[in-house]
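In what follows, a structure is listed as structure tokens, so that the remarks can point back to it.
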Amino acid sequence: MRTEQPKTIYLKDYQQPDYWIDETQLTFELFEDHALVHSRLSIRLNDAKPQAQAQPPLVLDGQLLELVSVELDDQPLSNYQVDDDSLTLQPQTASFALAITTRIEPQNNTALEGLYKSGGMFCTQCEAEGFRKITYYLDRPDVMSRFTTTVVADRGSYPVLLSNGNPIASGEHDGGRHWISWEDPFPKPAYLFALVAGDLCLLQDSFTTMTGREIDLRIYVEPENREQCDHAMDSLKRSMRWDEEVYGREYDLDIFMIVAVNDFNMGAMENKGLNIFNSSCVLAQQDTATDMAFQRVEAVVAHEYFHNWSGNRVTCRDWFQLSLKEGFTVFRDSEFSADMNSRTVKRIEDVTFLRANQFAEDAGPMAHPVRPDSFIEISNFYTLTVYEKGAEVVRMLHTLLGAEGFRKGTDLYFERHDGQAVTCDDFIKALEDANGADFSQFKRWYSQAGTPRLDVASHYDAARREYRLSFRQHCPATPGQSEKRPQVIPVRMALLDSAGQELPLQMAGEQQSLGNETVLSVTEAEQEFVFANIDQEPLPSLLRGFSAPVKLSYPYSRDDRVFLAKHDPDGFNRWEAAQGLAVDVLQGLVEIHRAGRPLHLDQRLADIYRTVLADTALDAAMVAEIIRLPSEAYLVELADTAHVDAIHFAREWLRAELARSLKSELQQRFDSLQVSAHYSADADAMAMRSLKNTLLGYLMLTDDQAVVQQCVRQFVEADNMTDRQAALVALVNSPFEQPRQAALEHFAERWAAYPLVMDQWFSIQAGSTQPGGLERVEALMQHPLFTLRNPNKVRALIGAFANQNLVNFHRADGAGYRFLADRIIELDRLNPQIAARLVTPLSRWRKFASDRQQLMQQELARILATEKLSPDVYEVVSKSLA
Ligand code: 0A1
Ligand code: ZN
């Protein structure tokens with residue numbers, strides 16, 4: 001906790017460490033009220049670093065540790081200094097052995113960083129700087145060491161004792177205690193260390209690698225969850241195969257383990273050979289998990305597995321390089337998901353998420369480059385920008401090089417840097433060297449924050465048969481960066497004739513034909529591209545597949561968008577055109593509503609929906625995506641000043657109006673989907689459920705008792721959680737008090753023993769836009785199953801309310817803001833990382849009208865004035881107010 005002003009750390013100050021740690025031997029003695037950690041480190045002076053005359057002191061990181069003993073080369077040492085963050089000693093030789101014992105209290109660790117207890121088990125979370133809460137160490141990713149770990153604990157309570165690598169020995173001690181030693185042959189930074197001790201059951205399987213090695217695959221969970229691991233195991237095997245096929249990467253240890261824990265700050269963690277997962281990202285079974293949860297499990301299992309190469313074998317030099325592993329690994333997992341499911345739908349989901357959330361981050365007070373220049377608390381930089389925008393940056397490199405060139409580049413990257421801790425520049429250099437490419441300008445994507453705007457205009461010259469596209473790019477100022485230079489923006493595009501056919505592309509003055517689709521590289525602030533031999537004025541299909549994370553604007557008329565939504569041969573851009581039309585319609589409705597004038601439905605939108613609803617050849621999941629209106633969050637992001645009530649009113653009005661206009665089409669399609677009654681987990685079945693439940697949401701707005709009955713029936717009779725949950729969402733957001741209450745009670749009774757299912761129950765209610773939202777959330781905070789100590793519960797109730805229930809959170813009297821600020825202050829004492837994440841909705845205060853602005857600022861100021869604020873919360877709140 002903060003005693004003085006927290007310190008800012010800068011990338012420009014990076015220096016190599018003074019010492020290396022070649023070997024790390026750890027012994028953990030675990031007890032109910034404390035743990036003893038014995039470490040023995042082989043340390044060596046870093047002779048590559050220019051030193052002053054005298055040997056530098058050794059400064060080890062350590063926090064919240066009780067130091068029991070220190071020995072230098074087997075002699076007790078008393079000449080050292082300890083403060084809140086470090087242990088300093090003065091070695092006399094270039095290499096030496098240091099033995100340290102620390103005492104910690106995992107059972108009181110509510111921050112869930114370092115060694116802590118989740119339910120009855122011990123587990124660790126060391127990324128980014130959690131290892132220093134276990135023992136004194138050089139806790140930085142460029143210090144890589146070979147770890148051997150012995151865990152000693154009571155055999156009855158902790159029969160399973162795990163750490164990284166392979167088990168090498170085990171035995172018994174007196175008093176019912178036992179021990180197991182693990183050895184990890186791969187040098188790794190401390191952030192990849194892991195330990196687990198508990199009473200766990202095991203799902204075991206195996207995988208044969210591309211060179212014929214047999215890998216022992218293990219998923220450990222608490223006994224009651226044994227039946228819920230098959231999907232994760234299956235996802236793991238598919239990930240292993242995919243990484244061999246697409247990247248040529250083979251797994252390297254003989255054993256790969258996943259452990260599910262209930263209390264976890266993030267989704268999961270890629271510790272070498274021993275991934276630790278939030279149980280929400282492992283457990284999935286038709287009865288308890290929705291299709292969305294299934295897909296998340298698949299994606300997170302893949303993500304953590306892929307880190308074995310992009311993150312572990314090749315790791316980050318320092319935490320400013322976080323996107324080196326995260327951006328690349330998110331790109332890898334999203335391509336994996338695209339290959340396993342529908343590529344276009346996956347892209348639509350990712351782009352929707354990016355635009356509603358990362359764009360907002362990039363336009364707010366916490367905006368930072370993909371490779372940040374400075375931070376106070378690194379935990380605050382596990383952001384959408386580092387992850388999702390970072391992945392978009394890697395995707396652009398893939399687009400520019402093509403799949404083959406990109407693979408050549410990653411092969412060189414892995415080969416050149418295996419076993420090293422490197423930078424984003426090293427990654428780019430490998431891609432350049434393998435392809436003879438020059439990405440010097442492209443690298444601005446790593447150093448400049450903010451979402452570039454790309455304004456496009458066109459001109460057709462019939463006499464010369466030429467078509468000109470003029471691009472103008474501009475990136476708005478972000479904190480600390482007022483001037484931006486032009487970035488490389490790859491624009492995948494085609495030109496369509498009046499029948500929707502793609503025209504052959506050829507640049508004026510060039511012979512080469514470019515086929516029907518090309519990627520234009522926009523590199524200047526203003527730039528033109530002239531196409532030759534164009535016989536009629538075409539309609540451009542721009543930024544296909546969202547080929548760059550920019551805000552593109554082209555003066556499409558509503559009729560143009562209708563045309564593209566119906567005819568663009570590119571599926572992504574068909575969706576994009578429909579979305580663009582819906583955005584335009586909604587923005588118009590917001591203005592009309594604010595002016596107090598009556599609203600009218602633009603029939604062109606209904607027309608598109610009618611067309612896709614009748615299109616049974618189109619993937620059902622695509623139909624669902626096309627008829628889904630843009631979210632309130634996205635409309636807020638797009639607005640200069642967001643009027644939340646008007647946005648909510650206009651969007652709900654439009655949904656209801658569309659539902660009324662299309663009632664028979666919606667009902668017909670809904671009925672046609674009922675036949676596939678029995679549950680199956682394949683992509684087609686998921687697509688059908690997605691569409692069916694989207695239709696149900698609309699139909700529930702038609703004020704028809706028969707539909708309400710249908711919804712209740714679906715809730716009661718569903719043989720899977722996707723359908724059951726969708727029905728519950730529809731009921732909870734409806735004004736029908738009786739069936740809503742009945743369903744909620746029924747659900748809570750049936751699923752009380754399933755924490756992840758109850759998270760859904762909390763979250764659905766927290767998201768209900770019916771009036772009285774805050775009071776409902778406050779009441780749910782008192783529910784016996786709710787606790788602030790479990791991050792999933794906090795996200796389900798408080799997170800869902802503040803991020804997804806905009807009308808209720810932004811209540812005009814500021815009570816929503818006050819509630820959130822109180823929870824942040826309360827939570828900061830328990831878990832600063834989770835508290836800091838909750839600040840996001842308040843940090844966006846500049847987006848809203850001035851009355852809301854004031855109320856939000858007031859709450860931020862109140863948080864900032866709180867005594868003993870953590871550096872985590874201090875950083876986000878102070879930056880939000882700056
Ligand atoms: N590297 C993990 C994310 C992660 C980061 C920090 C954590 O604790 C503060 C936990 C997990 C990933 O990308 O999956
Ligand atoms: Zn990751």
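The values are calculated or read from the model by the stated rules, or taken from the named source; none is laboratory data. All values derive from a computational prediction rather than experimental measurement. Cβ atoms come from the backbone with ideal geometry, glycine included; neighbour counts cover every protein chain shown.
For every residue, the table says whether it meets (1) within 16 Å of ligand 2 (Cβ to nearest atom); (2) modelled with pLDDT under 95; (3) among the charged types (D, E, K, R).
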position	(1), (2), (3)
Arg296	yes, no, yes
Ala299	yes, no, no
Asn312	yes, no, no
Arg317	no, no, yes
Gln321	yes, no, no
Arg332	yes, no, yes
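How many residues are of a type in the set (A, V, I, L, M), in a loop (DSSP other than H, G, I, E, B) and closer than 12 Å to Tyr136 by Cα if we restrict to the stretch 57-108? Residues meeting the conditions: 2. Among the residues of the stretch 1-45, those that are farther than 30 Å from Thr110 by Cβ and without any contact (Cβ under 8 Å) to a residue 40 or more places away in the chain comprise Asp13, Gln15. Residues of the stretch 544-569 that are touching a residue at least 60 places away in the same chain (Cβ under 8 Å) and assigned to a loop (DSSP other than H, G, I, E, B): Gly545, Phe546, Ser547, Ala548, Pro549, Val550, Tyr554, Pro555, Asp568, Pro569.
One line per residue, one yes/no per condition, for (1) within 16 Å of ligand 1 (Cβ to nearest atom); (2) modelled with pLDDT of 95 or more; (3) over 27 Å from Asp411 (Cβ atoms):
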position	(1), (2), (3)
Asn166	no, yes, yes
Gly171	no, yes, yes
Gly175	no, yes, yes
Glu183	no, yes, yes
Gly212	no, yes, no
Cys229	no, yes, yes
Ser239	yes, yes, no
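The requirement of being out of contact with any Pro (no Cβ under 7 Å at 6 or more places or on another chain) and not charged (D, E, K, R) is satisfied by Gly405.
Tell me, please, whether a residue that is assigned to a helix (DSSP H, G or I) and more than 22 Å from Pro771 (Cα to Cα) can be found in the stretch 694-701. Yes, the stretch 694-701 contains at least one residue that is assigned to a helix (DSSP H, G or I) and more than 22 Å from Pro771 (Cα to Cα).
For the stretch 291-306, the count of residues that are in a loop (DSSP other than H, G, I, E, B), within 15 Å of ligand 1 (Cβ to nearest atom) and within 29 Å of Pro372 (Cα to Cα) is zero.
So which residues in the stretch 270-288 are among the hydrophobic types (A, V, I, L, M, F, W, C) and either under 16 Å from Leu202 (Cα atoms) or outside the structural domain of Arg146 (by TED's automatic domain parsing) (or both)?
Leu274, Ile276, Phe277, Val282, Leu283, Ala284
When the stretch 325-340 is limited to residues that are in contact with a Gly (Cβ under 9 Å, 6 or more places away or on another chain) and within 12 Å of ligand 1 (Cβ to nearest atom), the one that is nearest to Thr410 (Cα to Cα) turns out to be Phe328.
Condition check: surrounded by fewer than 18 Cβ atoms within 10 Å (Cβ to Cβ) and under 27 Å from Asn278 (Cβ atoms). Does Ala812 satisfy that? It is false that Ala812 is surrounded by fewer than 18 Cβ atoms within 10 Å (Cβ to Cβ) and under 27 Å from Asn278 (Cβ atoms). Exactly one residue among Ala726, Ala687, Ala681 is assigned to a loop (DSSP other than H, G, I, E, B), under 18 Å from Ala621 (Cα atoms) and of a type in the set (A, V, I, L, M, F, W, C), and that residue is Ala681. For the condition within 30 Å of Glu129 (Cα to Cα), β-branched (Val, Ile, Thr), at pLDDT 95 or above and away from ligand 1 (no atom under 11 Å from the Cβ), what is the one hit in Ile258, Ile276? Result: Ile258 is the single residue among Ile258, Ile276 that is within 30 Å of Glu129 (Cα to Cα), β-branched (Val, Ile, Thr), at pLDDT 95 or above and away from ligand 1 (no atom under 11 Å from the Cβ). Of all residues in the stretch 180-200, those satisfying the criterion of being closer than 13 Å to Ser157 by Cα and of a type outside the set (A, V, I, L, M) are Gly198, Asp199. Residue-level check: of (1) within 22 Å of Val370 (Cα to Cα); (2) surrounded by fewer than 24 Cβ atoms within 10 Å (Cβ to Cβ); (3) away from ligand 1 (no atom under 12 Å from the Cβ), Gln321 misses just (2). Among the residues that make up the stretch 135-142, is at least one of them modelled with pLDDT of 95 or more, within 11 Å of ligand 1 (Cβ to nearest atom), touching a Gly at 6+ places or on another chain (Cβ under 6 Å) and part of a loop (DSSP other than H, G, I, E, B)? No - not one qualifying residue is present in the stretch 135-142.
Could you look through the stretch 632-676, keep only residues that are in contact (Cβ under 8 Å) with a residue 12 or more places away in the chain and not in a helix (DSSP H, G or I), and pick out the one that is farthest from the chain's Cα centre (by Cα)? Per the stated criteria, the residue is Leu662. Within the stretch 730-740, none of the residues are in contact (Cβ under 8 Å) with a residue 24 or more places away in the chain and closer than 29 Å to Val261 by Cα.
One residue stands out in the stretch 368-388 among those that are among the aliphatic types (A, V, I, L, M) and surrounded by 23 or more Cβ atoms within 10 Å (Cβ to Cβ): the one that is nearest to ligand 2 (Cβ to nearest atom), namely Val386.
Where residues in the stretch 407-421 are more than 16 Å from ligand 1 (Cβ to nearest atom) and buried (at least 21 other Cβ atoms within 10 Å of the Cβ), which of them is farthest from Val519 (Cα to Cα)? Going through the qualifying residues, I end up with Tyr413.
Screening Met233 against (1) more than 16 Å from ligand 1 (Cβ to nearest atom); (2) of a type outside the set (Ser, Thr, Tyr); (3) under 28 Å from Pro185 (Cβ atoms); (4) crowded, with 20+ Cβ neighbours inside 10 Å leaves a single unmet condition, (4). For the stretch 811-821, state whether one or more residues are in a helix (DSSP H, G or I) and touching a strand residue (DSSP E or B) at 6+ places or on another chain (Cβ under 7 Å). The answer is no, given that none of the residues of the stretch 811-821 is in a helix (DSSP H, G or I) and touching a strand residue (DSSP E or B) at 6+ places or on another chain (Cβ under 7 Å). Only one of the listed residues (Leu401, Leu397) is assigned to a helix (DSSP H, G or I), away from ligand 2 (no atom under 16 Å from the Cβ) and within 21 Å of the chain's Cα centre (by Cα). That residue is Leu397.
On the basis of being within 32 Å of the chain's Cα centre (by Cα) and either touching a residue at least 60 places away in the same chain (Cβ under 8 Å) or in the same structural domain as Asp287 (by TED's automatic domain parsing) (or both), does Gln765 make the cut? When the stated conditions are applied, Gln765 does not pass them. For the stretch 525-543, the set of residues classified as under 21 Å from Arg561 (Cβ atoms), within 40 Å of the chain's Cα centre (by Cα) and in a loop (DSSP other than H, G, I, E, B) consists of Pro538, Leu542, Leu543, listed by residue number.
Consider the stretch 602-631 and keep the residues that are part of a loop (DSSP other than H, G, I, E, B) and polar (S, T, N, Q). The one that is surrounded by the most Cβ atoms within 10 Å (Cβ to Cβ) is Ser631. The residues listed here are Arg724, Arg713, Arg689; of these, the one that is surrounded by fewer than 17 Cβ atoms within 10 Å (Cβ to Cβ), at pLDDT 95 or above and farther than 30 Å from Gly364 by Cα is Arg713.
Put simply, of Glu304, Glu326 the only residue that is free of Cβ contacts under 8 Å to residues at least 60 places away in the same chain and within 12 Å of ligand 2 (Cβ to nearest atom) is Glu304.
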